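Only the coordinates and a few stated rules stand behind these numbers; no lab work does. What you are looking at is a predicted structure, and each value in this text was computed from that prediction instead of being measured. Using ideal geometry, Cβ is built from the backbone for each residue, glycine included, and neighbour counts are taken over all protein chains shown.
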Amino acid sequence: MTSVTLRTATAVALVAVAALGPATSSPSASATTAPHATDRQAGSADYLVGRGIADVTGEVAEAGMMGYADLGQVSSGLHMRQRARSFVIADPESGERVVHVLADAGMIFQSVRDAVLAKLEQRFGETYTERNVMLTATHTHAAPGGFSHHTLYNVTTLGYHGKTFRALVDGIVASIERADADLAPAELSLSTSELTDANVNRSKTAFDRNPEADKAYFPGGVDTRSTTLQVHRDGELDGVINWFPVHATSMSTDNTLVSPDNKGYAEYAWERLARGVDYVEDSHDPGFVASFAQTNSGDMSPNLNLRPSDGPTTDQFENTKIIGTRTYDAARRGLDDDRELSGGVDSRIVYVDLADTAVRPEFTPDGKPHSTCPAALGAAFAAGSTEDGGGGLPIFKEGKDGGNPAVAAISEALYTASPALRACQAPKEVLLPVGPLDMVQQKLPVQLVRIGDFYLVGMPAEVTVVSGLRLRRAVAEAVGTDIDHVLVQGYANAYAHYLTTPEEYEAKEYEGASTLFGRYELPAFTQTAADLGAAMRDGVEVPLGVKEGDRSAGQFASLQGAVVADAPPLGKGYGDVLTAPAATYRPGEQVSVTFAGAHPNNDLHHGGSYLTVERRTADGWERIADDGDWSTKFHWKRYGVAASKVTITWDVPDDVAAGSYRIRYFGDARSLLGSIRSISGTSPTFSVVGR
């Protein structure tokens, strides 16, 4: 299609849009453009691309957070909203399309995927299916959990949180609907750059066990490659998907404000700060969408000094901003050195029973056939990640068989009783047989997506860098392309903890102990990915395989965050100011206002905000910030039995204009009879003056 004229290409594309589904004209970009944002002369549009953003923020109060498995990490407010970002990419000639979704969430579970696909079928019929929809997560550890249908992941949330589950599902679906409506002719290109000061290998002892040929790809044990898929429409850059491996753990387990962490800050920096996207006003037409996705980040930490919330600074909020900014800057640096993508799109997916997968000799370390086995967590899993923190128990240690003689004795007894278990799981000391106890998903999806000659391997796990390298090699060989044209997309479609190499597995670190299906798990996944590549190369369809059944009916609702009724503090009314701001502030100072509020879980305010910062203008009050901005924080605290105190802070930016300001609070109160009504409060006016 690259040889036809622009007029012909555009005409063909627009006809295809009409055939494929509804479309809108290409949105104009914000007047605020980022430095070095490359525009190009409009050329042949080989693809149709649509972009969409939607709010997926869960329960911001009294909900256990997902990631650190720490019972004490319970949400108490909001720093920045969670969002889902979707890209629909279609081939106008074949009609094939693929969807890439990135949600600011800890994981994607099959519960979420199944619910999303069911809603998409209701809305679009067979347009979006198991095969062509890839759902992924940023892996933030600062978002509410309780949205899995597998028991293990709802332990620290004390059960299932239906409101958070629905927020995630409905937001993902809305983002895909908006991307579908946004389809327009586009050019796609791929760029890369190096980022050397945003991640560190948190499991270097395990990494060093790998062969020299593998370690040579990653000097210092770090994957520094930043890859960006660019979307140009009408010659203008109006969307990107970036992949860089770093855990979203800049925010520590001590943080209880909902946040998308460093990946979310990178998205915010490009969309909001650089391109002026207003998430409230522009929700259906954002003008620019930037997804910062994960790849093989299983052993990549943002805590550069290998201690929780340590590096570059010891302040978790500052670390989040710094790592996010470096990630964003690296993606921007590579924009001009790109290669255009051409050719169609394609996809394959298969569900594999990792509890019992036979692995062929060509994929095993010793060249002999082996098998995976039912999922089991090792003792070092209970230690948590020393470098990133979490809910680890002090009686367990990484790298020392968990450091607990009692567990060692139990594990040895299990191995004696089952030589097959020893052959599969040893030298891991088995702490918890989560597979036989039916606590985790064992039939797992592996997906392969092609966009031109770029291949994305969707893995339902936290993939270490060398594991990712081996997956990429296998797919590249199967499809007949260069390894640099293949990338692993981690945290995709489901969740199966970690994926280490057989060599790393034996180091008995946290990551190896969390490799559920034994030392041959990576060979099993590699075999599956290679088979998908061969099927795609040969144009052969792949049977879906056997999925785990629907577990929605078996969920018990958590009482965490449940609201019986609200009441204002004694002698006060809803929205009353309990602590007023000072009269005057300077840039760099923090404004703080406390209101008599209500429980924020009554209404999650999707598409809106719990707060606004407003500046007085000649035409009235103008909103300049809300709860989607980095500069604001929304703190909730229970006061007595039913009352709530809401404290809103605003860090006055350095570039803010001098003038008169106020802060407004928006909430919802629940009566004893269950009715909910909107409430609000407004602070006294205060002044911002120059430095």
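Here are a few things to note about the model shown:
- A straight chain from E506 to K443 at 0.36 nm per residue would run longer than the Cα-Cα distance by 20.3 nm.
- Taking GluC sites (Glu not before Pro) across the stretch 534-603, the ones in a DSSP loop with at most 16 further Cβ atoms lying within 10 angstrom of their Cβ are E541, E589.
- Over the C-alpha atoms of the stretch 428-527, the Rg to Rh ratio, Rh being the Kirkwood estimate, stands at 1.00.
- nm² value of the averaged projected area, convex hull over the Cα atoms of the stretch 397-463: 6.6
- Projected label points at A582 and A408, each 7 Å from Cα along the beta carbon direction, are separated by 5.8 nanometres.
- A compact globular protein would have a Cα radius of gyration near 2.2 N^0.38 Å; the ratio found for the stretch 154-218 is 1.97.
- Placing one equal scatterer on every Cα of the stretch 232-275 and applying the Debye formula, the log10 ratio I(q)/I(0) at q = 0.17, 0.28, 0.30 Å⁻¹ is -0.61, -1.07, -1.13.
- Cα-centred dipole magnitude for the stretch 453-598, charges only on beta-carbon of K, R (+1) and D, E (-1), debye, nearest 20: 440
- Translational diffusion of the stretch 617-664, µm² s⁻¹ [Kirkwood Rh, Cα pairs; Stokes-Einstein; 25 °C; 0.890 mPa s]: 190
- Over the stretch 45-183, the alpha carbon radius of gyration divided by the compact-protein estimate 2.2 N^0.38 Å works out to 1.09.
- Gyration tensor over alpha-carbon atoms, the stretch 101-259, equivalent ellipsoid semi-axes in Å: 30, 26, 15
- For the chain, the extents of the C-alpha atoms along the principal axes are 76, 71, 48 Å, listed from largest to smallest.
- Within the chain: Cβ-based charge dipole about Cα centre, in debye rounded to nearest 20 (Lys, Arg +1; Asp, Glu -1): 1360
- Taking the Cα atoms of the stretch 507-569, the ratio Rg/Rh between the radius of gyration and the Kirkwood radius comes to 1.28.
- The stretch 239-372: radius of gyration and largest Cα-Cα distance (Dmax), Å: 19.7, 59
- Residue-wise HN-Hα coupling along the stretch 363-375, computed from phi with Karplus coefficients 6.51, -1.76, 1.60 (Hz; x: Gly, Pro): 10, 9, x, 9, x, 10, x, 9, 9, 7, 8, x, 5
- Kirkwood radius and radius of gyration were both taken over the C-alpha atoms of the stretch 163-257, and their ratio Rg/Rh is 1.10.
- Taking 0.36 nm per residue of separation and subtracting the current Cα-Cα distance, fully stretching the chain between A423 and E93 would add 113.8 nm.
- Using C-alpha pairs below 8 Å separated by at least 6 residues, the relative contact order for the chain is 15 percent.
- The stretch 54-60 - phi-based ³J(HN,Hα) in whole Hz, Karplus 6.51/-1.76/1.60, Gly and Pro as x: 8, 6, 10, 4, x, 6, 8
- Tail beyond 17 Å, pair distance distribution of the stretch 75-115 (Cα, percent): 52
- Divided by 2.2 N^0.38 Å, where N counts the residues, the Cα radius of gyration of the stretch 465-617 comes to 1.80.
- Legend: distances between Cα atoms for K163/K572; K263/K637; K443/K637; K163/K508; K119/K633; K119/K321; pairs beyond 31 Å are K443/K637; K163/K508; K119/K633; K119/K321.
- Across the stretch 568-691, Cα-Cα pairs more than 22 Å apart make up 34 percent of the total.
- For the stretch 642-685 and the stretch 199-217, distance of Cα centres in Å: 49
- Over the chain, DSSP H runs of length four or greater, each weighted -39,500 (n - 2.57), average out per residue to a 222 nm ellipticity of -6500 deg cm²/dmol.
- Surface/4 of the Cα convex hull for the stretch 590-656, nm²: 5.5
- Loop trypsin sites (Lys or Arg not before Pro), the stretch 79-156, which have at most 15 other Cβ atoms in a 10 Å radius of their Cβ (DSSP): none
- In this structure the amide hydrogen of Y639, modeled in the peptide plane, comes within under 5 Å of the amide hydrogens of S644, K645, none closer than 5 places in sequence on its chain.
- The trypsin sites (Lys or Arg not before Pro) of the stretch 166-261 include none that DSSP puts in a loop with a beta carbon having at most 11 other beta carbons within 10 Å.
- Pairs of alpha carbons in the stretch 457-501 whose separation is greater than 13 Å (percent): 50
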